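Just below is one structure, and these are the notes that go with it.
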Amino acid sequence: MELADLRLVTMLARSESLSAAARVLNVTPSALSMRLKKLEKTLGVTLATRDARHMSLTADGARLAREAQGLLSAIEALPDTFREQTAQLAGHIRIAAPFGFGRVHIAPLLARFARANPGIRLQLDLLETPWPHSHAADIVIQIGTVRDSSWSARPLLANERWLCASPGYIAAHGYPREPREILEHDCICIRENDEDVTLWRVRRRKSDAGRKPSSPTTLRVTPAFTTNDGSVARRWAEEGLGLVLRSQWDVADAVAEGKLVRLLSDWDFGSAPVIALVPTRKGRSLRIQALLSYLAANLGAEAAGEKAKAR
C-alpha cells in the first residue's frame with residue numbers, strides 16, 4: 001500500500017460520495033474509482049458500496065480508515081518532532097470557516113501567519129455551514145458550540161449578540177427602553193439552517209442591587225424583513241429598515257463608526273462563541289497548535305479594540 005491509498009480511504013470515510021472525495025483530493029471521480037477498485041483487489045475485500053450519488057464504507061473499509069488515520073497522523077507529526085528543536089513550522093494546514101467571519105477575520109490573519117512562517121502552506125475553504133460538512137479540514141472555525149468526542153474544541157473569541165438600529169431609525173421610531181418594546185418595532189431576522197429565528201431570548205445582565213441576572217424573557221417577533229445573509233441584514237439595519245440582532249463580530253465596527261447604535265446593552269441576548277474544532281488525532285501537531293494560538297491571541301486583541309471603539 002502507498003500513502004495515496006491511505007489518504008484515499010480516510011477521505012472516503014469523511015465524504016458522502018466519490019465525487020466529493022475526488023474534489024478534495026483534486027482527482028477525477030473515474031480516477032478515484034479505479035484507484036479504489038485496485039486497492040480492493042489488492043486487499044481482497046470490498047471497502048465501499050457506492051452508486052451515482054452516495055457512498056458508504058463497509059466494515060472492512062471503516063477498519064482500514066481508522067488504521068490509515070493513525071498511520072497518517074504519525075507520519076504528519078514526525079517532522080514536527082525535529083522542527084521543535086529549531087522552532088520552524090512547515091507543512092499543509094486546511095482551514096474551514098463560515099463565509100462572513102472567515103472572509104473578514106480569518107483570511108487576513110492567515111495571510112499574516114503565512115508571511116511569518118514561510119514553510120506553512122494554507123488552504124482556506126469558506127462555507128455556509130463548515131460544521132459538520134468539512135470533516136476533511138485540519139481546523140474548523142465554528143460560531144456556536146459543538147459536541148463531538150472525536151474533535152477537540154478551543155475557544156477563540158467570545159461573541160455576544162447585539163441588538164442594533166441606525167440613528168435614523170431611532171430618530172423616526174424611538175428607542176426601546178425594555179425588551180417588550182421591541183415588539184412595537186420593525187425587526188430584521190436572519191434565517192439560518194432550521195433555527196427558530198423569530199424567537200428572541202433576553203435577560204437582564206445584573207440588577208441595580210447587584211443580584212443575580214434575571215430569568216430569561218422570550219419574545220416572539222414578527223419580522224418586517226427576513227434574509228439568509230447576515231451581511232444583508234446588517235446593511236438593511238444601517239439603511240434604517242429596522243432592529244437587527246446580530247453577532248458582535250459583525251456589527252462592532254458599524255457601531256464604532258456611528259452607522260448603528262447598540263440598544264439595550266444592559267440586557268443579554270445570548271452569545272455564540274467562536275471556537276476552533278480540531279480532530280483529536282491531529283491535536284498535538286506543532287503547526288496546528290501554533291496556528292490556534294495565533295488565532296486566539298489576535299482575534300482576542302481585535303475584539304478588545306473593537307469593543308473599546310464601540311463604547
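The values are calculated or read from the model by the stated rules, or taken from the named source; none is laboratory data. Computed from a prediction, not measured in an experiment: that's the story for all the values here. Note that we place each Cβ from the backbone using ideal geometry, even for glycine, and neighbour counts take in every protein chain shown. SASA here: full protein model, heavy atoms, side chains in, ligands and nucleic acids out. Shrake-Rupley method; radii C 1.70, N 1.55, O 1.52, S 1.80 Å.
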For the chain, accessible area per residue (1.4 Å probe, heavy atoms of protein chains only), Å²: 54
Cα-based Lys pair tally, the chain, threshold under 28 Å, eight or more apart or on separate chains: 6
Heavy-atom accessible surface of the chain: percent carbon and sulfur, 1.4 Å: 50
Relative contact order for region 219-291, counting Cα pairs under 8 Å that sit 6 or more residues apart, in percent: 17
Inter-label distance, nm, simple model (7 Å from Cα along the C-beta direction), residue 153/residue 3: 3.4
Inter-site label distance for residue 125 and residue 74 at 7 Å from Cα along Cβ, in nm: 2.7
DSSP bridge orientation in the chain - percent antiparallel, rounded to nearest 5: 65
Contact order relative to length of the chain, as percent, for alpha carbon pairs under 8 angstrom and 6 or more apart: 21
Where labels lie 7 Å past Cα in the beta-carbon direction, separation of residue 107 and residue 50 in nm: 3.2
Per-residue ³J(HN,Hα) for region 24-31, Karplus 6.51 cos²θ - 1.76 cosθ + 1.60, θ = phi - 60°, Hz, x for Gly and Pro: 5, 7, 6, 10, 7, x, 5, 5
Hydrodynamic radius (Kirkwood) for the chain, which is based on Cα pairs only, to one decimal in Å: 22.2
Using θ = phi - 60° and Karplus 6.51 cos²θ - 1.76 cosθ + 1.60, couplings along region 223-236 (whole Hz; Gly, Pro as x): x, 7, 9, 9, 8, 9, 10, x, 5, 5, 4, 5, 5, 4
